[in-house]
Each structure stands twice: as C-alpha cells, then as structure tokens.
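Colleague: Structure provided below as structure tokens; questions to follow.
Please treat every number below as a calculation from the coordinates, not as lab data. Keep in mind that this is a model prediction, so the values were computed, not measured. So basically every Cβ, Gly included, is an ideal-geometry build from the backbone, and we count neighbours across all protein chains shown.
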Amino acid sequence: MFNTSNIAHLTRRRLLGINAQFARRWQSTGSEPPPAGGHLPSIATSTILRSTRDSAIRTPGIHWLDEGASTTPGNVLAGRETRKMNLYQAVRDAMSIALTKDDTAVIFGEDVAFGGVFRCTMGLAEEFGRERVFNTPLTEQGIAGFGIGLASMGHTAIAEIQFADYIFPAFDQIVNEAAKHRFRSGGQFGVGALTIRCPTMSVGHGGLYHSQSPEGYFMGASGLKIVIPRSPIQAKGLLLASIRDPNPVIFMEPKILYRSAVEQVPVDDFEIPLGKAEVLVPGSDLTLLTWGTPLYHCETALSMLSSPPAPLGPHVPASLRSAKIELIDLRTILPWDVDTITESVNRTGRLVIVHEASRTGGVGGEISAEIQKRCFLKLNAPVKRVTGWDTPVPMQYEKFFIPDPLRILDAVVETLSY
C-alpha cells in the first residue's frame, strides 16, 4: 500500500514554502514574476527536439528506406526535405507511408476512420479507402484478436487501442496469442506484422482511466516488443520500424506530447532501430534513464541542478552543480538495451531511473535488478527510482503523482551525495 514515509525530501509542504518565498520576494522587491512558461526548459524550448533541417536529417541511427538511398550512400543527405510536425502528425505520416508502400497494410480501431480521438489517422480513410482504414466496434479484445487473425493471414495489421488504459481487456489476446504465436507453431507461422498503437502516460487531468502507463504489465510477455517514442522524428522512425518488425509490437505514444512536441521531420521513408537506447546528453558522474514524457522533466531537473532557482539553492550543494549527468532515452522497453545502460553505469557509478508508472511492478524494478547484478562492483550508490506512487492516478492531484522535475532533482542530489 501507499507509504507516506517513501515520499521524496521535496514534499508538498516544501513546494508550498518555495512558492511562498517567491511571492514574498516579488512583493518586497517590486519585481515582476517570471513569465508563464518560466525560465526553465520546457517541451516547447527543449534542446532534445530537433528544430532545424540539418539536425533532423542527421538524427543518430536514422536509416533511409526511400528509393535511391541504398545506391547513393555518399550523397544520402543531399536534397532531403523536412516539414515541421508535431507528434501526432508524424505518426500519421508514418502510417501514410506504410499504407502507400504495403498494399496489405490496414488500419483499424475505434473511430480511426473519423481521424481518431487524437487525430492521428486524419484523412487516411479518404486517401486510402475505407476498406483499408476502418472503424471497429468498441471491443479491445476484438480489435486485438482481429489484428492477430489478419497478421496470421499475411496482412500488415495496424491496430489502435484508443487509450492505453483500455488495453487490459485485450491482455489475454496480446499475451497468450500474439506473443506466443510463433513459439507454439515451432516457428512455422507468426503474427509479426501486428502493431498495436495506443496513447499512454499522463495528460494532466486524465485521472485513473486516462493517465496510466501500463508498459510494465507486458514485461514478462516474451515474444512482444514495447516501444515508447519521445518526439515526432522518433515517433515516425520507430513506428515504421515497428510496423515492419517481424515481431508483434505495442507502440505507446505519450499523449501529452501529441501537440506539444514539435520538430522538423524528414518527409522521406526512414526507420530508427528498435531495441537501442540513445544517449542524449553524455556524462560521467551519474546515469539518468527514462523514456517518453519524463525525458523533458529530466531535462528541466538537470537545468535546476546546474543553475538552481534561488529558493532551491540551499537544497542543491554547490559542489554538485557541475556534475556531468548522462541522460539516456530507453525508447524500446522490451527488449531493453542492457548493453548501453550497463556501459554507462560502469562509467558513472550511479543510476537514477524515472518513469510515470507506479513503483511496484514497474519497468524500473527489472532494470534495477539487472544493473545491480552487472555493475555491482562499480556502483557508488544504490540504484534510485523516481516513479508514480502505488495508488491509482488521482484526478485533482495528478501533478503530485507523476515524477516532476523537483522529485527528479531530489533523487539526483541524493544519489550524488551518497
């Protein structure tokens, strides 16, 4: 059960005290409060996002699949075009390419013919026909089972579960059928052409039925892959790789990023490899590992560590402000990139894992156990987890549930000070 003794040092009382300090300072000095967006990094100003054409086409790991890319490797970047897209537009672009290049590909789910609740399939039914992009009844187990049948018969099945929170009725079909299809036949047949898309993670006001992060529930389902992108370029490349992967993939899209994460996205066909983490910020003193939305909270926490706002100054020792933190995006949750994380922790000696799902049964627990086994003699501090609490996601207090920058900062300071 939820144990208040586990709450991080920067508790709600401290947060209220910090707000009060800000208010008193503004009143006493007559200075203006900070802008609505604040002075700290946000998703809109994140340096993680690639806002120029040159940076976009040089995305690490990008693999071009359009005609001519393989025959002119020395000139593969010449003439590449990009377009400004948010995450849902990049997802739509990926599915449009999949439908164009694969005549067997079909997209289906609740309301997808109308564009979907997040508009990820907007216009696809009109462009490719309603026999290839169509609505289904409101039955998640039916959607998954139908996708398994289509994939087993040679079609490329792209299914949408309207919210990841509602994937549980399809759990038996996914875990007992899709994941085991190839194994039970001795490799004679499988459903590798099945991709299940679903919006995931918190949105600020989703509460117990629209803000869950269920990736951990599938960790024991051998035969599946689980992918969570952080940005539009990543979403397009990872989704195309998922659709073409020879294994069934659950592709979870952080819903808060659908419109807030914007990049220059290459318009050509490309993939980003599954099963490979990406080091976003190199470092030598601590490894900070996460995926999806919390990446941006981690970026904010690192800014607060190096240049803490005045009210946080007493809580961030000066000796730690120059620490070099290695920030890693896991991207593929199953199978996760053991080698990259192990190499990083062996160098830094410290690991902090951040995810929105509850602590008990979360992905962080599996990673912690494996890293402790592989890096035990190199660890300078216990592996630290910053997660959601072991409660349902609350409606009114959702911001206190998710691992925000203050909780991440507190964990980093504690681990560096160990």
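Colleague: Please list 3J(HN,Hα) in residue order for region 387-398, calculated via the Karplus relation 6.51 cos²θ - 1.76 cosθ + 1.60 where θ = phi - 60°; whole Hz, with x for glycine and proline.
Modeller: 9, x, 7, 7, 9, x, 5, x, 6, 6, 10, 4
Colleague: For region 381-402 and region 116-133, what is the centre-to-centre distance using only Cα atoms, to the nearest Å?
Modeller: 36
Colleague: Counting DSSP beta bridges with both partners in region 277-416, what percentage is antiparallel, nearest 5?
Modeller: If I count the DSSP bridges inside region 277-416, around 20 percent turn out antiparallel.
Colleague: Moving on. Among the DSSP beta bridges whose two residues both lie in the chain, what percent are antiparallel, rounded to the nearest 5?
Modeller: 25
Colleague: Relative contact order of the chain, please, whole-number percent, based on alpha carbon pairs below 8 angstrom and at least 6 residues apart.
Modeller: 18
Colleague: Over what distance in Å are the Cα centres of region 152-211 and region 289-317 separated?
Modeller: Rounded to whole Å, the Cα centres lie 34 Å apart.
Colleague: Please label the shape of region 292-346 as rounded, prolate or oblate, based on the square roots a ≥ b ≥ c of the eigenvalues of the alpha-carbon gyration tensor (a/c under 1.5 means rounded; beyond that, a/b larger than b/c means prolate, else oblate).
Modeller: oblate
Colleague: Let me ask something additional. Through the Karplus equation 6.51 cos²θ - 1.76 cosθ + 1.60, θ set to phi - 60°, convert the phi angles of region 159-175 into ³J(HN,Hα) values in whole Hz; use x for Gly and Pro.
Modeller: Result, rounded to whole Hz: 9, 10, 9, 4, 9, 4, 4, 9, 7, 5, x, 8, 4, 5, 4, 6, 7.
Colleague: Next question, about the same structure. Between the helical axis of 12-29 and the dominant principal axis of the chain, each derived from Cα atoms, what acute angle in degrees is found, rounded to the nearest 10?
Modeller: Approximately 60 degrees, to the nearest 10.
Colleague: Starting from the amide H of Leu280, placed 1.01 Å from N in the peptide plane, find each other amide H under 5 Å away whose residue is 5 or more places distant or on another chain.
Modeller: The list, which skips near neighbours in sequence, is Leu327, Ile328, Asp329.
Colleague: Using the alpha-carbon atoms, what tilt in degrees (0 to 90, nearest 10) does helix 405-416 show relative to the longest principal axis of the chain?
Modeller: Compared with the principal axis, the helix lies near 70 degrees.
Colleague: Averaging sequence separations of C-alpha pairs under 8 Å and six or more residues apart, then dividing by the length of region 277-416, give the relative contact order as a whole percent.
Modeller: Worked out over region 277-416, it gives 32 percent.
Colleague: Counting only Cα atoms, I'd like the Rg/Rh figure for the chain, Kirkwood definition for Rh.
Modeller: Computed over Cα atoms, the ratio is 0.98.
Colleague: Right, something else. Please report Val281, Val412 as a ranked list, fewest other C-beta atoms within 10 angstrom at the top and most at the bottom.
Modeller: The order, fewest Cβ neighbours first, is Val281, Val412.
Colleague: Under the Karplus relation 6.51 cos²θ - 1.76 cosθ + 1.60, θ = phi - 60°, what is the ordered set of whole-Hz ³J(HN,Hα) values for region 60-66, x standing for Gly and Pro?
Modeller: Whole-Hz 3J(HN,Hα) from phi for region 60-66: x, x, 5, 10, 7, 10, 6.
Colleague: Quick one: Cys198, Cys120, fewest Cβ neighbours within 10 Å first, how do they rank?
Modeller: The fewest-first ordering by Cβ neighbours comes to Cys198, Cys120.
Colleague: At q = 0.09, 0.15, 0.17, 0.19 Å⁻¹, what is the log10 ratio I(q)/I(0) for region 277-416, with the Debye formula run over Cα points and no solvent?
Modeller: -0.25, -0.70, -0.89, -1.11
Colleague: Report the longest stretch of the chain that contains none of the GluC sites (Glu not before Pro) sitting in a DSSP loop with at most 15 other Cβ atoms within 10 Å.
Modeller: Maximal segment without exposed cleavage sites: 132-418.
Colleague: Also, quick follow-up: Starting from 0 in steps of 10 Å, tell me what percent of the Cα-Cα pairs of region 53-271 lands in each bin.
Modeller: 8, 35, 37, 17, 3, 0
Colleague: Going by amide H atoms built from the backbone, whose H comes under 5 Å of the H on Leu334, apart from near neighbours?
Modeller: Those qualifying (amide H under 5 Å, at least 5 residues apart or on another chain) are Ile226.
Colleague: If each DSSP helix of 4+ residues adds -39,500 (n - 2.57) and the sum is divided by the residues in the chain, what number results at 222 nm, nearest 500 deg cm²/dmol?
Modeller: For the chain, the value works out to -9000 deg cm²/dmol.
Colleague: Counting only residues 5 or more places away or on other chains, whose amide H sits under 5 Å from the amide H of Val265 once H atoms are built in the peptide plane?
Modeller: Result for Val265 returns Arg83, Lys84, Met85.
Colleague: Using only Cα atoms and rounding to the nearest 10 degrees, what angle (0 to 90) does helix 294-306 make with the longest principal axis of the chain?
Modeller: With rounding to tens, the tilt is 20 degrees.
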